[in-house]
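The values are calculated or read from the model by the stated rules, or taken from the named source; none is laboratory data. Since this is a predicted model, take the numbers as computed values, not measurements. All Cβ positions, glycine included, derive from the backbone under ideal geometry; neighbour counts span all protein chains shown. Surface areas here come from the heavy atoms of the whole protein model, side chains and all, with no ligands, DNA or RNA. Shrake-Rupley method; radii C 1.70, N 1.55, O 1.52, S 1.80 Å.
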Amino acid sequence: MAPSDSGPGRRRNEHSHRAILGAAITLVADRGFENVTVESIASHAGVGKQTIYRWWRSKGEVVLEAINDGFADVAAFPNTGDIIADLRTQMENVTVKLATSDFGSAYRGLIAAAQSDPELARKHIEQIIEPASVACRKRLIQARDMGQIRSDADVQSIIDLLYGAIYYRLLLSTRPLATEQVAQAIDLVFDGIRGTG
């Protein structure tokens, strides 16, 4: 998401932009979303708060873009023709990213804040959850068309089952996020949805 898509939007210095996004992740992870201000992000990034307000309307928008930016390198689905291999690659990449202490903690903070901020919740769904879901749905439909999963398998339910396991661990922290859980979740789900040829 570019600031010009949702905020006042002006030509920006890329070094300052990266510094602001990095500061947002670090501070939210360290202090919690509710204890971070635009002023503290600006100070940590070495910019004036007016710089932030030129590009974003609120602290929530800054943090949301920082999270979205962090997912950019891991969200894409490969397409090798093997749905299990492709899901495993993508889900392991996401899991490793979320297991990174600062990023995972910051994302938990954003999700928590969105529970009492309907506008932030809407933007979170529109900018992070729904694009990822659309990409996964597209890849699963291709696999279904190829006979790799049952023709009557509900694609959205597959997404919920696979990614729900990751978010459960992220949010409840009862067990650590680990790449091993990805293979286990895929095996359990695909035992029920694999195509019969």
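What pairs can you find where one residue is in the range 137-154 and farther than 21 Å from A75 by Cα, the other is polar (S, T, N, Q) and open to solvent by less than 90 Å² (accessible area, probe 1.4 Å), and their Cβ atoms are less than 9 Å apart, with a gap of 6+ or different chains?
Q148/Q142
Scan L162, L177 and give me the residue that is within 15 Å of M91 (Cα to Cα) and part of a loop (DSSP other than H, G, I, E, B).
L177
Are any residues in the range 115-129 in a helix (DSSP H, G or I) and touching a residue at least 40 places away in the same chain (Cβ under 8 Å), and if so, which ones?
The answer is E119, L120, K123, H124, Q127, I128.
In the range 16-65, what residues are outside any helix (DSSP H, G or I) and within 27 Å of I129 (Cβ to Cβ)?
G32, V36, T37, W56, R57, S58
Among the listed residues N79, N68, which satisfies the condition of being closer than 18 Å to V94 by Cβ, part of a helix (DSSP H, G or I) and open to solvent by 30 Å² or more (accessible area, probe 1.4 Å)?
When all the criteria are applied, what remains is N68.
For the range 145-193, enumerate the residues that are among the basic types (K, R) and under 15 Å from I84 (Cβ atoms).
Of everything in the range 145-193, just one residue is among the basic types (K, R) and under 15 Å from I84 (Cβ atoms), namely R150.
Taking the options V189, V182, name whichever one is in contact with an Asp or Glu (Cβ under 6 Å, 6 or more places away or on another chain), open to solvent by less than 50 Å² (accessible area, probe 1.4 Å) and either at pLDDT 90 or above or over 10 Å from T95 (Cα atoms) (or both).
V182
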